[in-house]
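The values are calculated or read from the model by the stated rules, or taken from the named source; none is laboratory data. Predicted, not measured: the structure shown is a model, and the values here were computed from it. A quick note on method: Cβ atoms are made from the backbone with ideal geometry, for glycine too, and the neighbour counts reach across all protein chains shown.
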Amino acid sequence: MTEHLAILPILIPMLTAVVLMFPGIQPSVLWQRMGCGSALILTMAVVLSLLNNVRGVPLTYVLGDWQPPFGIVLTVDPLAILLVLLTVGLALVCWLYSLAGKQTPGPYYHSIFLFQIMGINGAFLTGDLFNLFVFFEILLIASYSLLTYGSARQKARAHFHYVALNLIGSAFFLFALGILYGATGTLNMADMSQKLAQLSGDKLYLAKAGGLLLIVVFGLKAALVPLQFWLVATYSAALAPVAALFAIMTKVGIYSFIRVHVQLFGGGADGLQGLADDWLWYLSLITLLVGSIGMLASEQLKPLIANLVIISVGLLLMLVSNNSVESIRAAVYYLIHSTLITAALFLLADMIALQRGQAGDRLVPARPLSQPLLLGGLLLLAAMVVIGLPPFSGFIGKLLALQAFAGSIHQVIAWAAILLSSLFMLIMLARAGTGLIWHTRTGKPGTETAAPVQLMAVVLLLGVSAGMVVAGEWVLTLSGDAAWHVFNITGASPGVGRMIP
């Protein structure tokens, strides 16, 4: 039974989501919450077991014994399982936060939430580009539904832009898959990495066109400039636990860049080697700068945090474009850090906005908070982590990024961009903190207080971020293993490694 663990991070959320939609269970808030939480805890146990088993040779799981490149293949390597662990852990915290209150956000919320986890886990685990498309569609359809919960009518434009752009991206994704299949005769990523090195003539140019089209698609998913304008409004309009979960959504695009840009079109692709390296470098640099400017111009806390997501995307893709084991190692560590801390900030923003009354999260004077010391202290701690002050995980992540660029032709520009973005974060988060916590109107605070489970959710996220420092050697070893396997994929090649039917 142990060898079949690879598919359980997909099956458990999917089957639980279906069961929770049964007529006798769906109306019960208690059953919905218990079912969702139990599925996530069980999935976490499976993922931890897989993490312990794939430190050596990656596990390739072949569904139905249909051998690659034609069968459905799941590839469990250190990078994939680390990100699945991050996804399930983040989902557990978001589920915990949503327990506050006597009602769920709406009917089928927990089922759709689990379908979202299923899609994200599948995207990280699949070894096939077509199934990557399938799981993209699952997570996107679920995200369309999650965005409708608790949203006001005036936010419909942001949701429409998000849906429309992703539908266009899905069409481009299919075009790219058709082109690559025509050029290589396969969509299995391990098999394609071998076929790309053998291409010549017209098929070489076809593969290049397909690869460039995939970069456009993944750029939209990751919010790479100029395809980032949907993110701020969409994330700001979502419910707090949904926005926190969406912190992992752009990372699916980053992961896809690593798999396709580095793994498929990397050093072994001959004529396709380093496809669009220069384009990706300049666009990621501009993304970081655009996020920084957007953060400086933000007049509300949630859009400010959404721009922090864009900044993290820019930095991560700068590292991906650097195309080295050291830069991917830094990217993996920083990806985990940035996901956790931006999710914590979205949850904090929701609690602060609730206690400020009609002013919400706008950076204007409002009534005092009911819990100024508690929420102010958490916001200060989260700000220090995201800025990158020592000794927090943000400092280690940015230090790894600076080291990854040391000696490269982009060193001066990369260092300047990273350090300047940190300075801008310091300025804006200091302004936001003083405006929200200290600069208040005279009068009594409201009666609203943060629920214990909400505070626990934020403390857990900040605690895991602190754990990345305390257990720094272990996390860096895992990140290094993930980076090494990206550049050495023989363990996931057809017929090599552990092929489990």
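Among I254, I258, I286, which is over 21 Å from F346 (Cβ atoms) and either modelled with pLDDT of 90 or more or outside any helix (DSSP H, G or I) (or both)?
I286
Output the residues belonging to region 415-469 that are hydroxyl-bearing (S, T, Y), assigned to a helix (DSSP H, G or I) and in contact with a helix residue (DSSP H, G or I) (Cβ under 8 Å, 6 or more places away or on another chain). Result: S421, S422, S465.
Listed here are the residues, each with its yes/no results for (1) touching a Leu at 6+ places or on another chain (Cβ under 7 Å); (2) among the polar types (S, T, N, Q); (3) assigned to a helix (DSSP H, G or I); (4) modelled with pLDDT of 85 or more.
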site: Q26; (1), (2), (3), (4): yes, yes, no, no
site: A39; (1), (2), (3), (4): yes, no, yes, yes
site: M44; (1), (2), (3), (4): yes, no, yes, yes
site: Q67; (1), (2), (3), (4): no, yes, no, no
site: G71; (1), (2), (3), (4): yes, no, no, no
site: L82; (1), (2), (3), (4): yes, no, yes, yes
site: T87; (1), (2), (3), (4): no, yes, yes, yes
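Determine whether S193 is assigned to a helix (DSSP H, G or I) and modelled with pLDDT under 85.
Details: assigned to a helix (DSSP H, G or I): yes; modelled with pLDDT under 85: yes.
For S193, the condition - assigned to a helix (DSSP H, G or I) and modelled with pLDDT under 85 - is met.
Looking at region 364-377, which of its residues are part of a helix (DSSP H, G or I) and more than 21 Å from S298 (Cα to Cα)?
From region 364-377, those part of a helix (DSSP H, G or I) are 372-377; that's our starting set.
Within region 364-377, P372, L373, L374, G377 meet the criteria.
For region 435-464, the candidate set comprises residues that are of a type in the set (S, T, N, Q) and over 21 Å from S98 (Cα atoms); within that set, the residue that is nearest to the chain's Cα centre (by Cα) is T440.
Listed here are the residues, each with its yes/no results for (1) touching a residue at least 24 places away in the same chain (Cβ under 8 Å); (2) among the polar types (S, T, N, Q); (3) part of a helix (DSSP H, G or I).
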{"position": "L90", "(1), (2), (3)": "yes, no, yes"}
{"position": "W95", "(1), (2), (3)": "yes, no, yes"}
{"position": "G106", "(1), (2), (3)": "yes, no, no"}
{"position": "I112", "(1), (2), (3)": "yes, no, yes"}
{"position": "N121", "(1), (2), (3)": "yes, yes, yes"}
{"position": "F124", "(1), (2), (3)": "yes, no, yes"}
{"position": "I138", "(1), (2), (3)": "no, no, yes"}
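Among the conditions (1) without any contact (Cβ under 8 Å) to a residue 12 or more places away in the chain; (2) in contact with a strand residue (DSSP E or B) (Cβ under 7 Å, 6 or more places away or on another chain); (3) aliphatic (A, V, I, L, M), A171 misses just one, which is (2).
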